[in-house]
Amino acid sequence: MEEVKFIIGNKADLYDAAIRNGWYLPKMKSSIITEEYITNVITGKVFCPRFSDIKLVPCPKPPEKQLMLKDFARLVHSEKKESGIDESHTPDKNWLLAVLGTYNPALPYFKKGYVPPPKNTQAASVTKVQLPENFLEGLPNSKRKVKIRKLALLSKSKEDGKLKRFKLLKEKFASEYLKEKNRIEAKAHKQRNDNENMMKQTKKHGSP
């Protein structure tokens, strides 16, 4: 026991010792990695392969972790051992892929043409909120690069403002159009008059 104290002083030492002895453990930062879990792996109480067992299978687009956890639970049940997994303690996704690919490469997500189904995320939903008048006035623009949830804010005063701006733009466009039309017509009228005067001068000087 004294020798153990000198070699293994904490969880990190225990994890390192298990790795050095060939156990293929989940990543150190995984929530499943506790002293109890590592001890149960070493003593054979929970299922965990060795590095020599692992055969990596390609899976560039893995499914959601929950699906792999269910497949892993079935695998552990067939091995007649415990998984050491609960709601608060789970292995990392890459570890699950490696283990499942080793023991059950026939799973659908290890097939060449597998594409995971689209995720039902909160970002796909749009919530409409009726805001009080002047609620948005003076607020800065959002600087968030990734929107977790799209929020459509419907303000009556804001919608009224848009309608007023549209009407003003329409009136301004009509006024500008009329000015341009009058300018072109006046220019054309002047050009005609100049041409007529030039022709009269030519006839006058050309007559005997």
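The values are calculated or read from the model by the stated rules, or taken from the named source; none is laboratory data. In this text, all values refer to a predicted model and were calculated from it rather than measured experimentally. Cβ placement follows ideal geometry from the backbone for every residue including glycine, while neighbour counts extend to all protein chains displayed.
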I'm checking my understanding of the structure. Among residues of segment 96-116 that are within 17 Å of residue 71 (Cα to Cα) and not in a helix (DSSP H, G or I), which one is modelled with the lowest pLDDT?
116
Please indicate, with yes or no, whether at least one residue in segment 2-21 is at pLDDT 95 or above, farther than 30 Å from residue 116 by Cα and not in a helix (DSSP H, G or I).
yes
Filtering segment 17-34 down to residues that are over 35 Å from the mean Cα position of the chain (by Cα) and either basic (Lys, Arg) or more than 18 Å from residue 54 (Cα to Cα) (or both) yields 17, 20
What do you reckon, is residue 171 farther than 30 Å from residue 58 by Cβ, modelled with pLDDT under 80 and outside the structural domain of residue 55 (by TED's automatic domain parsing)?
no
Can you tell me how many residues within segment 20-33 are surrounded by 15 or more Cβ atoms within 10 Å (Cβ to Cβ) and within 11 Å of residue 91 (Cα to Cα)?
6
Within segment 118-125, can one find any residue that is modelled with pLDDT of 80 or more and closer than 30 Å to residue 74 by Cα?
yes
Quick one: which of 55, 80, 61 is assigned by TED's automatic domain parsing to the domain that holds residue 21, modelled with pLDDT of 95 or more and in a loop (DSSP other than H, G, I, E, B)?
55
Filter segment 27-77 down to residues that are within 18 Å of residue 87 (Cα to Cα), in contact with a strand residue (DSSP E or B) (Cβ under 6 Å, 6 or more places away or on another chain) and of a type outside the set (S, T, N, Q), then give me how many there are.
2
Report every pair of residues separated by at least 6 positions or lying on different chains whose Cβ atoms are under 9 Å apart, first residue within segment 2-19 and surrounded by fewer than 10 Cβ atoms within 10 Å (Cβ to Cβ), second at pLDDT 75 or above.
10/35
